[in-house]
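To keep things clear, I will list the structure first and then write my remarks on it.
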Amino acid sequence: MSKARESPAATGGAAAILLRYLRDQNRPHSAQDAFGNLQREHGLGKTAVVKALEQLAQQGKIREKAYGKQKIYFPDQDQFPTVSDSELKALDNEISELSSKVQTLQQSCRHMESELKDLNGSMTTPEMIKEIEELKKDCASYTEKLERIKSAANHVTPEEKEKVYNEKKLYCKEWRRRKRMATELLDAILEGYPKSKKQFFEEVGIETDEDYNVTLPVAV
């Protein structure tokens with residue numbers, strides 16, 4: 001299949017649009033730049049843009065300059081009035097002022113975007129009211145529980161608690177010592193016993209911690 005060819009009318013319409021665009025912008029553009037900037041608004045095809053730019057250059061309405069394999073197009077500067085040094089300086093000052101305003105506005109936008117992000121992440125007023133009510137209920141429940149604990153008559157003093165821990169430590173130490181002694185004694189007996197350890201325990205009637213799933217507490 002052959003490629004679709006742009007009609008002269010389409011090329012002519014594109015030329016008018018491109019000429020006006022290049023004059024308004026007054027800076028160099030490649031065919032791709034012009035196509036990308038105008039395609040969405042005017043629906044221009046890439047072929048029509050290329051042909052229109054070449055036609056305008058041949059007619060002397062715009063200038064064409066090649067950089068390697070790429071060509072750039074820009075309006076003929078002779079059609080623009082000469083600008084004096086004072087006018088250039090005024091334009092530079094205006095550009096500087098506008099650039100400063102742009103920076104200020106960008107900074108303000110960033111600040112507002114940050115503020116908006118914080119607000120979007122915050123609870124709404126109804127949500128805040130609901131949360132406060134829930135916290136009040138929790139607070140009342142904890143207060144009631146605390147009062148019940150305070151009014152109880154079975155409080156344990158720090159001294160009593162310390163005494164219980166010390167006694168537990170002492171008893172566990174003694175338990176461990178006696179178990180070690182019993183184990184050593186039984187091992188000595190079993191050395192000359194002709195039957196198994198289990199049979200010996202059954203005959204003598206020995207019950208172990210393991211029989212009742214009792215575990216000796218870890219020493220602290």
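Determine the per residue accessible area of the chain with all protein chains present and a 1.4 angstrom probe, expressed in square angstrom. Normalised by residue count, the accessible surface of the chain is 84 Å².
Near GLY60, once Lys and Arg are set to +1 and Asp and Glu to -1 for all other residues with Cβ below 13 Å from its Cβ, the sum equals -2.
Full extension of the chain segment joining LYS145 with TYR67 gains 19.6 nm, where the gain is 0.36 nm per residue of separation less the Cα-Cα distance.
Note on the chain: GNM, Cα springs under 10 Å; of ASP78, ASP138, ASP209, the largest mean-square fluctuation is that of ASP209.
Using a probe of 1.4 Å on the protein chains alone, the accessible area found for MET123 is around 90 Å².
Of the candidates ILE132, ILE149, ILE206, which one comes out as most mobile in a Gaussian network treatment of the chain with C-alpha springs shorter than 10 Å? Greatest mean-square fluctuation among the candidates belongs to ILE206. Only Cα pairs within less than 10 Å get springs; with that Gaussian network setup on the chain, which residue of ASN120, ASN166, ASN93 has the largest fluctuation? Checking each option, the largest mean-square fluctuation is seen for ASN166.
Be a star and scan segment 27-41 for residues whose amide nitrogen sits under 14 Å from the point 7 Å along the Cα-to-Cβ vector of PHE80. Counting only backbone N, you get 27-29. On segment 55-154, 55 percent of the accessible area sits on carbon and sulfur atoms, based on a 1.4 Å probe. Partners of LYS168 within straight-line reach, counting aspartates and glutamates whose Cα lies under 16 Å from its Cα and excluding those fewer than 8 residues away in the same chain: GLU159, GLU160.
For VAL214, the accessible surface of its heavy atoms amounts to roughly 60 Å² (probe 1.4 Å, protein chains only, rounded to the nearest 10).
Of the three principal axes defined by the Cα atoms of the chain, the extents in descending order read 123, 59, 39 Å.
Which angle from 0 to 90°, rounded to the nearest 10, does the C-alpha axis of helix 125-151 make with the longest principal axis of the chain? Compared with the principal axis, the helix lies near 10 degrees. Under a 5 Å amide H cut-off, with hydrogens placed 1.01 Å from N, SER30 pairs with TYR73 among residues at least 5 apart or on other chains.
With every protein chain in place and a 1.4 angstrom probe, the accessible-area ranking of LYS69, LYS179, LYS197, largest first, reads LYS69, LYS197, LYS179.
Extension gain, LYS101 to GLN32: 0.36 nm times the residue separation minus the Cα-Cα distance gives 21.7 nm.
The values are calculated or read from the model by the stated rules, or taken from the named source; none is laboratory data. Since we're looking at a predicted model, the values are computed, not measured. Please note: Cβ atoms are built from the backbone with ideal geometry, for glycine as well, and neighbour counts cover all protein chains shown. The area values use the complete protein model at the heavy-atom level, side chains included, leaving out ligands, DNA and RNA. Shrake-Rupley method; radii C 1.70, N 1.55, O 1.52, S 1.80 Å.
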